[in-house]
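Right, one structure below, let's go through it.
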Amino acid sequence: MKHISNAASAALLGSVGITVMTVLTGCQAPQEEPQNRFLVIEQQANGKYIVVEEMPTEGANRAIIRERDANGTVSERFMNEQEMQELARQEYEKMQSGTSELNAAPGADAGMGLAGTILAVAAGSLLGNMIGNALMGNKNFQQHSNTVNRSAYHQQKMSSTSTKKSFFGGSKTGSSSTSGSYSKSGSYGG
């Protein structure tokens with residue numbers, strides 16, 4: 001009988017400990033799967049690219065690329081998911097070897113090359129969540145990701161996740177990522 005009482009006490013103590021840990025550390029939102037995107041990427045006068053429109057999509061990743069010729073005439077072309085993945089993979093390999101513009105801090109000129117822009121905006125959905133999360137740990141990558149994406153969707157997402165409530169009622173400002181990673185909520189029950 002004493003063994004049953006000790007086992008019940010240990011189970012109760014363990015349950016209370018877990019509850020206290022949850023309350024003190026806050027709940028963690030479940031990790032989001034990278035969401036596919038439909039992008040409109042526009043070439044700037046300096047020859048570099050920025051994202052001007054971004055929309056989550058149920059279908060495959062895809063993009064419309066708006067480019068300028070020597071006379072300034074704008075033409076559009078469609079890029080499917082396989083083409084986007086290939087460019088993102090090539091740019092990721094350049095990052096690994098240290099030769100990508102994503103390795104350096106963003107410059108004064110708006111935009112980057114097409115492959116860098118695609119990787120900065122859609123790394124998680126094109127190359128997988130693990131690579132997307134690893135890249136978001138790179139400060140220069142995060143800065144590029146935020147500077148090349150001028151879409152209203154991205155701006156709204158950034159402003160809605162920049163202020164987080166702490167467990168004790170205050171708020172703190174923090175940055176969050178947009179390429180398939182998750183955010184944490186610091187309030188109980190979140």
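The values are calculated or read from the model by the stated rules, or taken from the named source; none is laboratory data. Not measured: the values here are computed from a predicted model. Quick reminder, even Gly has a Cβ in these numbers, built from the backbone with ideal geometry, and neighbours come from all protein chains shown.
Applying the selection to segment 111-141, what residues are surrounded by fewer than 21 Cβ atoms within 10 Å (Cβ to Cβ), touching a helix residue (DSSP H, G or I) at 6+ places or on another chain (Cβ under 8 Å) and farther than 17 Å from Ile64 by Cβ?
Selection gives Gly113, Ile131, Asn133, Met136, Asn138, Asn140.
Can we say Thr25 is over 27 Å from Lys157 (Cα atoms), at pLDDT below 95 and hydroxyl-bearing (Ser, Thr, Tyr)?
Here the answer is no, as Thr25 does not meet what is asked.
May I ask you to list the residues in segment 68-100 that are of a type in the set (Asp, Glu) and either touching a Lys or Arg at 6+ places or on another chain (Cβ under 7 Å) or closer than 15 Å to Ala123 by Cα (or both)?
Scanning segment 68-100 gives Glu76, Glu81, Glu83, Glu86, Glu91, Glu93.
So is Glu101 of a type in the set (D, E, K, R) and modelled with pLDDT of 95 or more or not?
no
For segment 72-111, which residues satisfy the criterion of being more than 15 Å from Leu135 (Cβ to Cβ) and basic (Lys, Arg)?
Answer for segment 72-111, where residues must be more than 15 Å from Leu135 (Cβ to Cβ) and basic (Lys, Arg): just Arg77.
When segment 48-62 is examined, which residues are found to be part of a loop (DSSP other than H, G, I, E, B) and touching a residue at least 40 places away in the same chain (Cβ under 8 Å)?
Lys48, Asn61, listed by residue number.
Is it the case, given these coordinates, that Asn61 is out of contact with any Phe, Trp or Tyr (no Cβ under 7 Å at 6 or more places or on another chain), over 20 Å from Ala134 (Cα atoms) and not aromatic (Phe, Trp, Tyr)?
In short, yes.
Could you list all residues from segment 113-153 that are in a helix (DSSP H, G or I) and among the small types (Gly, Ala, Ser)?
Selection gives Ala115, Gly116, Ala120, Ala122, Ala123, Gly124, Ser125, Gly132, Ala134, Ser145, Ala152.
Residues to consider are Glu86, Glu76; find the one that is in a strand (DSSP E or B), surrounded by fewer than 16 Cβ atoms within 10 Å (Cβ to Cβ) and free of Cβ contacts under 8 Å to residues at least 40 places away in the same chain.
Glu76
For Gly47, work out the one condition from (1) within 15 Å of Met112 (Cα to Cα); (2) out of contact with any Lys or Arg (no Cβ under 9 Å at 6 or more places or on another chain); (3) exposed (fewer than 15 other Cβ atoms within 10 Å of the Cβ) it doesn't fulfil.
The one condition Gly47 does not meet is (2).
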